[in-house]
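*Asks:* What follows is a structure written as structure tokens; I'll ask about it next.
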Amino acid sequence: MADTYELTYFHFPGKAEPIKMILEVGNIPYKYHGITFEDWPSIKHSTRYGQIPFLKRSNDNSEFELYQPLVIARYLAKESGLYPIDNYQAAQSDEYVNVVKDQVEEFYKAFFGPNKDEDIKKFYAITFPNVLKALENQVKSTGYLVGSGLTWADIYLFDLNGIA
């Protein structure tokens, strides 16, 4: 039996969206289990950390689960050839993915914070443009963040458009 993958997350994009994009772009067949907020309390206790997303991989010889979105995404990027082989380029891709993750976290911190209107304005006026400009400078020469081909970092940058 070939490897089978199952990804579990809520019924909306969120943290699982770049993972799904890596699965799709990387041509890795998978099943997606979207759960509702109503079902989450009954499922939460059966997850390793009481968190989602998680990825389950099975084949004839073994089965395992991975947790934490960046760990899952990096693993699948490596499995599908979307993770650089060169150590320096791999480190660059990790840097860019973490920068994107930080921006998403800053957005949600502002969006759900006590000074939402003021913090959102500051995010879009200062923080977000500065980071986008830095990332744009990396893309200018080749059209990609790292090297001369699509990597998981490009997929994370594309997903960042969800808050733009």
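The values are calculated or read from the model by the stated rules, or taken from the named source; none is laboratory data. Since this is a predicted model, take the numbers as computed values, not measurements. In this analysis, Cβ positions are derived from the backbone assuming ideal geometry, glycine residues included, and neighbour counts consider all displayed protein chains. Surface accessibility is based on the protein's heavy atoms, side chains included, excluding ligands, DNA and RNA. Shrake-Rupley method; radii C 1.70, N 1.55, O 1.52, S 1.80 Å.
*Asks:* Kindly provide the trypsin sites (Lys or Arg not before Pro) of segment 45-83 that DSSP labels as loop, not H, G, I, E or B, and whose Cβ sees at most 12 other Cβ atoms within 10 Å. The partial results should precede the final answer.
*Replies:* Numbers: sites: Arg48, Lys56, Arg57, Arg74, Lys78; in loops: Arg48.
Loop-located and lightly packed - Arg48.
*Asks:* As an exercise, identify the chymotrypsin sites (Phe, Trp or Tyr not before Pro) in segment 1-64 lying in DSSP coil whose Cβ has no more than 10 other Cβ atoms within 10 Å. Write down the numbers at each step before the final one.
*Replies:* Details: sites: Tyr5, Tyr9, Phe10, Tyr30, Tyr32, Phe37, Tyr49, Phe54, Phe64; in loops: Phe37, Tyr49.
Answer by residue number: Phe37, Tyr49.
*Asks:* Using 0.36 nm per residue, how much length does the chain from Tyr75 to Lys133 gain when fully extended, once their Cα-Cα distance is taken away?
*Replies:* 18.1 nm
*Asks:* Mind checking the dipole of the chain: about its Cα centre, +1 per Lys or Arg Cβ, -1 per Asp or Glu Cβ, Debye to the nearest 20?
*Replies:* It works out to roughly 200 debye.
*Asks:* Based on a Kirkwood Rh over C-alpha pairs, give the Stokes-Einstein translational diffusion coefficient of segment 1-109 at 37 °C and viscosity 0.692 mPa s in µm²/s.
*Replies:* My calculation gives 220 µm²/s for D.
*Asks:* Taking +1 at the Cβ of each Lys and Arg and -1 at the Cβ of each Asp and Glu, which of Phe111, Thr8, Ala153 sits farthest along the dipole of the chain towards its positive end, judged by Cα position relative to the Cα centre?
*Replies:* Highest projection toward the positive end goes to Phe111.
*Asks:* Treat every Asp and Glu Cβ in segment 3-54 as -1 and every Lys and Arg Cβ as +1, leave all other atoms uncharged, and give the resulting dipole magnitude about the Cα centre to the nearest 20 debye.
*Replies:* About 140 debye.
*Asks:* Sticking with this structure for a sec: Round to a whole number: what % of the accessible area of the chain belongs to carbon and sulfur, probe 1.4 Å?
*Replies:* Here it works out to 52 percent.
*Asks:* In addition: In Å², and per residue, what accessible area does the chain have when probed at 1.4 Å with the other protein chains present?
*Replies:* 58
*Asks:* Ok, one more. Here is the link list: Lys31/Lys121; Lys78/Lys121; Lys15/Lys133; Lys31/Lys101; Lys20/Lys116. Which ones come out longer than 32 Å on Cα distance?
*Replies:* Violating the 32 Å Cα-Cα cut-off are Lys31/Lys121; Lys78/Lys121.
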